[in-house]
1. Per q in 0.12, 0.22 1/Å, what log10 I(q)/I(0) does a Debye calculation on the alpha-carbon atoms of segment 110-229 return?
2. Using only alpha carbon pairs under 8 Å that are at least six residues apart, calculate the relative contact order of segment 228-373 and give it in whole percent.
3. Spin-label point model (7 Å from Cα, Cβ direction): what's the E338 to N119 distance in nm?
Amino acid sequence: MAVAARKGRATASPLTGSPVAIATTARPGFLGGWLSRIPLPKWALIAVAVAVAVVLLLFLICIVRCCCGKKKPKKKERVSLHAVSGSSTVCLVQPEMEDLEQGTEKTGRGKLQYSLEYNFRAQELKVGVKQAAELKAMDSGGTSDPYVIVYLTSDMKKKYETKVYRKTPNPVFNESFTFQILQAEVPESTLVMQIYDFNRFTKHNIIGEVRLPLASVNLQHVIEQWSDLVAASKVEEEQLGEICFSLRYVPSTSKLTVLILEAKKLKRMDSHGLSDPFVKVHLILNRKKWKKKMTSVKKNTLSPYFNEVFVFEVPFNQIQNVDVVISVWDHDKVTKNEPIGKLFLGCRATGNQLRHWSDMLSNPRRPLAQWHSLQPPDVVDKALGLKSHLKLSLPPR
């Protein structure tokens, strides 16, 4: 019994919570227990850990290089430009003027208020330039000295301009101008209002313009409105008019016949908005003036009807050396007659003039009529390159 009691006391002692028993029987940590199960020495475990870290580092370096490599196509583009021709390289690198103008447009040039009134009885167009607002600054001081130029494309010789207003982006003009324009010509004309910045010692800079095709406007009542300014377009060629005539050449008789039929849309040369046109027909032989004839004068019209015929004797062996110059003039009793426009036909001509001349030579004895646009007189004279103004006698047949 005594021995049993001692055994019972010995087995019951752990339940009493002795501190020695707790310290010897505590469970080890998770990592320590996991490492204790690996049958490797401590130095081998450290070597494996270092190898894994190196592999991870190399993997991260590869990822970084791949990401950076995707951002480098610009170098390839720059290199490829060297293989492109000079003209193409300019197109790729240098921005077009239109792009620059569009960029300027976004900054804003301002706006213009104007009015239109057409008097059908007097055939007059009254243009009122009211005011401008928010004009683009053109001076170094951040302002402008604006004024407005007004004209019609059908009569660019007659231009009006307002007073200059100093150092303001919001000038009030309140000026009106009157244009003489026939009702039939209104749809073919465009009203142009250009705002300039005045400079006393340098060229005046254009701020912007408003172009209003009159065909798109209802002139049955007075119009007053605002329009945004846009970049100024290239200066248009002045319309001088058109002329219709026929040519006929008969080789057997050496007769060159020029029939002047009519003209239309001629440039206005007189103060009242009309002209007194007549036509000259010159024959040029070997770059020297040879023969000349002219029509009668038609008073106060921009669309004269002539129907006048002229016959010249031109030997067949000289027809290739002849130029026919057709010129329209404005007659003036007091001052010198002024040329409205010219053109010439012959083997040295180009475009429609050369085609008309070639058709005449290909169809002998047949009159061929065609419309032609008049050109500036100085341009035609330069193309002809006349040697002198002396008349030549007709070569012997």
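1. Here the Debye-derived log intensity ratios amount to -0.43, -1.22.
2. Here the relative contact order equals 28 percent.
3. Placing both labels 7 Å along Cα→Cβ, they lie 2.4 nm apart.
All of the numbers you see were taken from the coordinates with simple rules; none came from a lab. Given the structure is predicted, the values throughout are model-derived calculations rather than measurements. Neighbour counts are summed over all protein chains in view; Cβ atoms, including those assigned to glycine, are modelled from backbone coordinates with ideal geometry.
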